[in-house]
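S.K.: First the structure, then my questions, so here it is.
Bear in mind these aren't lab numbers, they're just calculated from the coordinates by the rules spelled out. Here the structure is a predicted model, which means the values were calculated and not measured. Cβ: placed from backbone, ideal geometry, glycine included. Neighbour counts: every protein chain shown.
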Amino acid sequence: MEKFIQTAVYDDYDRLVQLCDALALPTGFCLLEKRFVDVTLRYGVHPATIDRWKKTLELKNLFEKRIGGSVYTLLPGVLENSFSLEVTV
């Protein structure tokens, strides 16, 4: 498995799936930062956490350049899920 992961080649579909996973809570789409905090509260900080966040933000920027705007404008419920008072821990 380790060799497979090290030699895997990611295409835009794979990158988009990774970004979509990072943009969603069980209640729906949210800001990346809210998702980062949600995952960190549940699993703690790993040595690769910050690098993973940076890579995810790079993916967001990549797709935003391609669509010529914010990915958040395409996702229903981002504001409601990002700023709700409900905490998912």
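S.K.: Name the residue that is nearest to residue 29 (Cα to Cα), counting only residues in the range 39-89 that are touching a Leu at 6+ places or on another chain (Cβ under 9 Å), among the β-branched types (Val, Ile, Thr) and in a helix (DSSP H, G or I).
M.R.: Only one residue fits best here, namely 78.
S.K.: When the residues of the range 55-89 are filtered to those that are touching an Asp or Glu at 6+ places or on another chain (Cβ under 8 Å) and not aliphatic (A, V, I, L, M), which remaining residue is surrounded by the most Cβ atoms within 10 Å (Cβ to Cβ)?
M.R.: By that ranking, first place goes to 88.
S.K.: For the range 56-75, check the following and say yes or no: at least one residue is touching a Ser or Thr at 6+ places or on another chain (Cβ under 8 Å) and touching a residue at least 60 places away in the same chain (Cβ under 8 Å).
M.R.: No: the range 56-75 contains no residue that is touching a Ser or Thr at 6+ places or on another chain (Cβ under 8 Å) and touching a residue at least 60 places away in the same chain (Cβ under 8 Å).
S.K.: Give the residues of the range 47-69 that are touching a helix residue (DSSP H, G or I) at 6+ places or on another chain (Cβ under 9 Å), under 15 Å from residue 22 (Cβ atoms) and not charged (D, E, K, R), sorted by residue number.
M.R.: Passing the criteria: 49, 53, 56, 57, 59, 62, 63.
S.K.: Kindly indicate the residue of the range 32-57 that is under 9 Å from the mean Cα position of the chain (by Cα) and aliphatic (A, V, I, L, M) and also farthest from residue 79 (Cα to Cα) among those meeting that condition.
M.R.: Initially, the range 32-57 is screened for residues under 9 Å from the mean Cα position of the chain (by Cα), giving 32-33, 35-36, 53, 56-57.
Add one more test, that the residue is aliphatic (A, V, I, L, M), and what stays is 32, 57.
Details: 32: 12, 57: 18 Å.
Here the residue is 57.
S.K.: May I ask you to list the residues in the range 18-54 that are surrounded by fewer than 11 Cβ atoms within 10 Å (Cβ to Cβ) and under 18 Å from residue 70 (Cα atoms)?
M.R.: Those that are surrounded by fewer than 11 Cβ atoms within 10 Å (Cβ to Cβ) and under 18 Å from residue 70 (Cα atoms): 21, 54.
S.K.: A follow-up question, please. Answer yes if at least one residue in the range 5-14 is part of a helix (DSSP H, G or I), surrounded by 15 or more Cβ atoms within 10 Å (Cβ to Cβ) and of a type in the set (A, V, I, L, M, F, W, C), and no otherwise.
M.R.: Within the range 5-14, not a single residue is part of a helix (DSSP H, G or I), surrounded by 15 or more Cβ atoms within 10 Å (Cβ to Cβ) and of a type in the set (A, V, I, L, M, F, W, C).
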